[in-house]
Each structure stands twice: as structure tokens, then as C-alpha cells.
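Comments concern the structure below.
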Amino acid sequence: MYLSEAHKKSSEAKQATIKKWQESPTDWIKMDKLAQEHFKEHGQKRSSNNGSGNSQKKLKDTFDYTSLTRKELDILYHQIIDKAIENYEYRLHVLFKWKINHEQFHYRAGASLATRIRREEQRMKKHDIIGVYFKKRWANMTPEEVEADRNWIRDQGDLRNPN
């Protein structure tokens, strides 16, 4: 009896939240504007909206996800998950857009966190290996030779990577 009443209250609360979310679409325009501000640094172009009724549609149409690199899409995915963890209403929006349930969202959030931890560990391993290599390489050099070698390595990197 108690469980069914608790389940009923929980379901009603969720339905009320979803109904409130569906009645006020302007909240999601603000979330889209936050994404717009973040991706300005990546060179994304968006039209300025003056708050008209179709501004949410305009934001969606003007943001071109196909122009993002794989790394930028990966960053965006992890940021969406982080914001959805922090904000329950935004999480409901993400669940609705991605057409997944809470269990699948928590699975993706855990996988996202594990992926980021694993990448950071790999980055630190590479950093340590490179640090040991250069310590051995520069052990018997004078400071001038070390600086000349560092400049040469930096120049080689600039030649090979035009970005």
C-alpha cells in the first residue's frame, strides 16, 4: 500500500515537471543560448534572435553540428551530460531529446566519467614518458644546448602542424 502511494506521488511529480517543461519552452532557449556562448570560441556562427516565437527553431537550425570536429562533438557530449547531472529539468529535456530513460542516462554518465578519467590517466602517462626521455636526453648538455634543442623541436612541431 505504502509503495503504491509513494510510486503514485512520484509519478505525479514527474508528470507535473514534464508538463511544466512543455508549457514553458523559453527555458530551453536559455539553455541553447548557453551552448551558443560556449561554441563561439570554436568559430560557430549563429544568427541573433530577438525573442520571437520561432527563436528556438532558429537556434536549432542555425547551429551546424556537422561542422564540428570529432573532438568538439566529444566535448559537447560530455558537457551536456555534466549539465544534465547538475540540473534535473535539463536532464528531462536531454532524456526527451535523446529518447532514453533514466537508467540509460546514468549508464552513459558513468561511461562518460570513466572515459574522461581513462583519457587523463593516459595523458599523464605520456607526459611522464616524455619527461623522462627529455631528462635523459638533456642530462649531459649545457643550458645553451638544451635551449637550442628545445627551440629546434618547437620549430619542427610548427612545420609539421599548421594549426
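Just so it is clear, none of the values below were taken in a lab; they were calculated from the coordinates. These figures come from a predicted structure and were not determined experimentally. Methodologically, a virtual Cβ is constructed for each residue, glycine included, from the backbone with ideal geometry; neighbour enumeration extends over all protein chains shown.
Please give, to one decimal in nm, the separation of the simple spin-label points placed at K99 and I129, each 7 Å out from Cα toward the Cβ.
4.2
Taking 0.36 nm per intervening residue step and subtracting the Cα-Cα distance, what contour gain separates R154 from Y88 on full extension?
Working: separation 66, 0.36 × 66 = 23.76 nm, distance 4.63 nm.
Full extension from R154 to Y88 adds 19.1 nm.
Please compute the net charge surrounding E147, taking Lys and Arg as +1 and Asp and Glu as -1 over other residues with Cβ under 13 Å from its Cβ.
Working: positive: R150, R154; negative: E144, E145, D149, D155.
Result for the local shell: -2.
Distance cut-off 29 Å, Cα to Cα: go down the list K14/K83; K71/K126; K71/K125; K71/K135; K71/K136 and report the pairs above it. Please list the in-between numbers first.
Values: K14/K83 19 Å; K71/K126 19 Å; K71/K125 20 Å; K71/K135 31 Å; K71/K136 33 Å.
From K14/K83; K71/K126; K71/K125; K71/K135; K71/K136, over 29 Å: K71/K135; K71/K136.
Which of the chymotrypsin sites (Phe, Trp or Tyr not before Pro) found in region 64-157 are loop residues per DSSP with 16 or fewer other Cβ atoms within 10 Å of their Cβ? Please report the intermediate quantities before stating the final value.
Values: sites: Y65, Y77, Y88, Y90, F96, W98, F105, Y107, Y133, F134, W138, W152; in loops: W138.
Listed in order of number, the matching sites are W138.
Given a Förster distance of 41 angstrom, what is the FRET efficiency for A139 paired with E72, based on the Cβ-Cβ distance and rounded to 0.05? Numbers along the way, then the final one.
Values: r = 40 Å, r/R0 = 0.97.
Working from the Cβ atoms, E equals 0.55.
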